[in-house]
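All remarks here apply to the structure that follows.
The values are calculated or read from the model by the stated rules, or taken from the named source; none is laboratory data. Values in this document were obtained by computation on a predicted structure and should not be read as measured data. We place every Cβ from the backbone using ideal geometry, glycine too, and count neighbours over all the protein chains shown. Side chains are part of the model used for accessible areas, which takes the heavy atoms of the whole protein and leaves out ligands, DNA and RNA. Shrake-Rupley method; radii C 1.70, N 1.55, O 1.52, S 1.80 Å.
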Amino acid sequence: MADVLASPPKTSPSEAGPRQADPVGVHHEEGPPRRDFLKLAAGSFAAVGVGVVVWPFINSMNPSQDVLALASTEVELGPIAEGQAITAMWRGKPVFVRRRTPQEIQEARAVPLGELRDPATDQSRTKPGKEQWLIVVGVCTHLGCVPLGQKPTDARGDFGGWFCPCHGSHYDTAGRVRRGPAPLNLAVPDYTFTSDTRIRVG
Amino acid sequence: MPEGLHESDVKNPVLRWVDQRLPVISMVQREYGTFPTPRNFNYFWNFGALAMISLAIMIATGVVLSMQYTANTHMAFDSVERIMRDVNYGWLLRYIHANGASMFFIVVYIHIWRNLNYGSYKTPRELLFMIGVVIFILMMATAFMGYVLPWGQMSFWGATVITNLFSAIPVVGQSIVTWLWGGFSVDNPTLNRFFSLHFLLPFVITGVVFLHIAALHITGSNNPLGIEPKGPQDTIPFHPYYTSKDSIGIVVYLLVFALLVFFAPNMLGHADNYIPANPLVTPAHIVPEWYFLPFYAILRAVPNKLGGVVLMGGALVVLFFLPWLDSSPVRSMRFRPIAKWAFLLFTANFFVLMWVGGKPAEAPYILIAQVCTAYYFAYFLVILPFLSKFERPLPLPESISRAVLSHRGGGPLPAGATAKPMEKA
């Protein structure tokens with residue numbers, strides 16, 4: 001606002017003529033006409049007003065309270081044998097829970113970080129002391145398909161983790177992207193072990 | 001006549017009373033009756049009218065289908081099956097609506113092809129063309145959301161993949177996707193809003209179509225020669241000449257439409273969409289509807305998520321700049337000996353993209369898609385700007401009437417049948 005008021009007077013056709021020809025008396029003071037200030041102020045208020053009115057419309061399309069209330073899920077880990085995986089449902093999305101074999105953990109840890117597109121250590125993707133359990137959101141980070149690899153008969157891709165059939169992304173045994181168009185690793189959701197055989201996701 | 005009324009030529013006293021107060025009859029007479037139209041249209045000039053008919057058919061069938069459809073994830077699939085089995089003529093209405101989308105896109109693709117081939121996008125019709133591109137994009141959005149409504153596997157996973165395109169936007173992408181979904185995945189809130197928007201957008205399209213036609217009636221139509229009419233001898237009134245020519249086109253259009261609806265109603269659809277949506281299982285091979293395949297091929301051609309999304313959007317956005325990318329003053333490809341071949345190749349290239357978009361994302365299809373994507377953009381960004389400068393076009397005919405009449409065996413023209421250029425403004 002300050003620099004608008006301080007700017008040099010603009011010459012408009014009405015100002016070019018003699019001062020007496022200005023019957024409304026708007027331009028009698030030195031500096032920019034007051035009308036500029038009024039226009040700017042009115043415009044700013046209108047813009048704020050429109051913003052205030054539009055926001056409820058836009059925000060009504062965000063997740064509602066009942067959707068947010070369903071935002072956590074409990075998973076029982078007891079029945080899952082080593083090398084087996086189950087799929088749980090969380091926020092309408094599949095969550096992959098895999099009990100990894102020592103060999104799979106070994107493979108995931110042996111990879112140098114420099115080879116990874118989205119560098120993350122295996123340790124950073126599991127809970128300390130629970131390295132057997134890999135819990136990731138089963139949604140490909142490319143365009144949201146569900147990768148294959150949960151069933152023993154599924155293709156698991158070239159790195160023993162998951163393979164997305166939509167556009168050909170390969171994930172390793174730590175759920176990290178290794179090949180294909182996906183930019184990021186499979187997301188690790190927020191979860192806590194509520195007991196040794198039970199987790200709460202979300 | 002009381003003051004302030006419109007001067008009306010209508011004879012019938014009742015209609016005249018209306019026309020004096022709201023001159024719609026005069027307007028229709030002026031814009032669709034006596035409207036001077038180039039005399040040399042070929043059948044490619046039917047496709048604007050056909051697109052109008054398609055829009056009308058889609059709205060008519062859509063309104064009655066919406067009376068039977070339930071936009072809820074638990075009921076949507078079954079409500080569509082109920083339309084197919086229990087609703088009187090439900091099968092017919094749904095098949096008309098589903099195949100109508102395909103017919104609409106066929107018509108609009110030919111309409112766009114006509115535009116590109118005869119240079120209709122050039123001055124003074126740039127804005128007319130750009131409004132048309134807006135309609136095309138609105139159509140794509142409407143068709144996409146309509147395909148989600150039956151809540152089959154392709155509906156669900158198509159919606160998931162397409163909405164996820166927005167997650168490629170840096171920083172705010174994921175928030176935008178959550179906002180679009182109204183949740184953390186494609187679910188009931190998503191289906192509800194898609195139904196609402198699918199109902200709304202056709203009426204938005206109708207509004208933009210009126211702008212398209214208003215702009216058309218300022219500049220008048222282009223024609224196969226791409227030269228402006230120079231006087232009355234170059235034009236004929238829209239009615240009865242082009243109303244009858246359009247009628248022939250409409251009959252052929254309805255014939256093809258009926259063949260699809262009655263003999264191959266599922267040919268252009270996908271069998272997986274008769275499986276109810278399952279958020280835990282992605283079909284092995286997701287493909288969009290055929291009319292999106294070329295753009296889907298461009299998306300998959302790029303091995304980078306953001307890059308793919310940007311190129312796919314760019315394939316549409318580049319059209320807005322076309323009137324300035326191609327600055328050659330010659331409109332019709334008939335008189336552009338090199339650009340003509342480049343455009344033919346562009347046409348073939350588009351079909352290859354369409355084919356490759358329906359194939360799995362693996363070798364050799366990715367490479368083919370990459371080559372075709374490169375040519376798609378090269379045509380607009382390199383070839384047309386280059387040819388605008390260096391191509392030597394063939395001589396243009398003196399006028400539309402001279403070209404048309406000399407076609408009929410030549411011979412001397414009757415005096416006054418044609419005008420020399422510049423003689424009449």
Filter segment A:130-181 down to the residues that are within 26 Å of B:Leu165 (Cβ to Cβ), touching a helix residue (DSSP H, G or I) at 6+ places or on another chain (Cβ under 7 Å) and more than 10 Å from chain B (Cβ to nearest Cβ), then identify the one that is surrounded by the fewest Cβ atoms within 10 Å (Cβ to Cβ).
A:Asp172
Looking at (1) within 14 Å of chain A (Cβ to nearest Cβ); (2) hydrophobic (A, V, I, L, M, F, W, C); (3) in contact with a helix residue (DSSP H, G or I) (Cβ under 9 Å, 6 or more places away or on another chain), find the lone condition where B:Val252 falls short.
(1)
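Quick grid of which residues meet (1) assigned to a loop (DSSP other than H, G, I, E, B); (2) more than 20 Å from B:Asn273 (Cβ to Cβ); (3) open to solvent by less than 20 Å² (accessible area, probe 1.4 Å):
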residue: B:Leu93; (1), (2), (3): no, no, no
residue: B:Asn99; (1), (2), (3): no, no, yes
residue: B:Phe105; (1), (2), (3): no, no, yes
residue: B:His111; (1), (2), (3): no, yes, no
residue: B:Leu116; (1), (2), (3): no, yes, yes
residue: B:Ala141; (1), (2), (3): no, no, no
residue: B:Trp157; (1), (2), (3): no, no, yes
residue: B:Leu191; (1), (2), (3): no, no, yes
Do the conditions hold for B:Gln20, that is, is it more than 30 Å from B:Gly182 (Cα to Cα) and among the polar types (S, T, N, Q)?
yes
Find the residue count for segment B:163-192, including only residues that are under 22 Å from B:Leu65 (Cβ atoms) and at the interface with another protein chain (Cβ under 8 Å from one of its Cβ atoms).
2
Within segment B:10-49, the residues that are touching a helix residue (DSSP H, G or I) at 6+ places or on another chain (Cβ under 7 Å), farther than 24 Å from B:Glu228 by Cα and in contact (Cβ under 8 Å) with a residue 12 or more places away in the chain are B:Val10, B:Asp19, B:Ile25, B:Ser26
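Go through segment B:108-125 residue by residue and tally those that are over 23 Å from B:Trp341 (Cα atoms) and in contact with a Leu (Cβ under 9 Å, 6 or more places away or on another chain).
First, pick out the residues of segment B:108-125 that are over 23 Å from B:Trp341 (Cα atoms): B:124-125.
Filter once more, keeping what is in contact with a Leu (Cβ under 9 Å, 6 or more places away or on another chain): B:125.
Of the residues in segment B:108-125, 1 are over 23 Å from B:Trp341 (Cα atoms) and in contact with a Leu (Cβ under 9 Å, 6 or more places away or on another chain).
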Would you confirm whether any residue within segment B:329-339 is within 27 Å of B:His270 (Cβ to Cβ) and hydrophobic (A, V, I, L, M, F, W, C)?
no
For segment B:342-393, give me each residue that is within 14 Å of another protein chain (Cβ to nearest Cβ) and within 24 Å of the chain's Cα centre (by Cα).
B:Val356, B:Gly357, B:Gly358, B:Ala369
Scan segment B:344-363 and report the pairs whose first residue is under 13 Å from B:Leu116 (Cβ atoms) and whose second residue is part of a helix (DSSP H, G or I), with Cβ atoms within less than 6 Å and a gap of 6+ or a chain change.
B:Phe346/B:Tyr379; B:Asn349/B:Cys372; B:Asn349/B:Tyr375; B:Phe350/B:Pro294
Give just the number: which of (1) at pLDDT below 90; (2) open to solvent by less than 60 Å² (accessible area, probe 1.4 Å); (3) within 14 Å of chain B (Cβ to nearest Cβ) does A:Gly25 not satisfy?
(3)
Restricting segment B:123-136 to residues that are touching a helix residue (DSSP H, G or I) at 6+ places or on another chain (Cβ under 6 Å) and not in a helix (DSSP H, G or I), which is farthest from B:Pro329 (Cα to Cα)?
B:Arg125
Every pair of residues 6+ apart whose Cβ atoms lie under 8 Å, when the first sits in segment A:187-202 and is at positive phi while the second is assigned to a strand (DSSP E or B) and surrounded by 14 or more Cβ atoms within 10 Å (Cβ to Cβ)
A:Gly202/A:Thr73; A:Gly202/A:Trp90; A:Gly202/A:Tyr191
Just to verify a result, which residue in segment A:89-111, among those that are under 15 Å from A:Arg156 (Cβ atoms) and open to solvent by less than 40 Å² (accessible area, probe 1.4 Å), is nearest to the other protein chains (Cβ to nearest Cβ)?
A:Phe96
Within segment A:112-129, count every residue that is exposed (fewer than 15 other Cβ atoms within 10 Å of the Cβ) and within 21 Å of A:Val177 (Cβ to Cβ).
10
Condition first: more than 9 Å from chain A (Cβ to nearest Cβ) and either touching a Leu at 6+ places or on another chain (Cβ under 8 Å) or open to solvent by less than 30 Å² (accessible area, probe 1.4 Å) (or both). Now tell me which residues in segment B:287-306 satisfy that.
B:Val287, B:Glu289, B:Trp290, B:Tyr291, B:Leu293, B:Pro294, B:Phe295, B:Tyr296, B:Ala297, B:Ile298, B:Ala301
If B:Ile275 passes every condition in (1) over 23 Å from B:Tyr375 (Cα atoms); (2) without any contact (Cβ under 8 Å) to a residue 12 or more places away in the chain but one, which one does it miss?
(2)
Taking the condition of being more than 13 Å from B:Ile338 (Cβ to Cβ) and assigned to a loop (DSSP other than H, G, I, E, B), how many residues in segment B:359-396 meet it?
8
Can B:Gly226 be described as surrounded by 14 or more Cβ atoms within 10 Å (Cβ to Cβ), on the phi > 0 side of the Ramachandran plot and either touching an Asp or Glu at 6+ places or on another chain (Cβ under 9 Å) or away from every other protein chain (no Cβ under 14 Å) (or both)?
yes
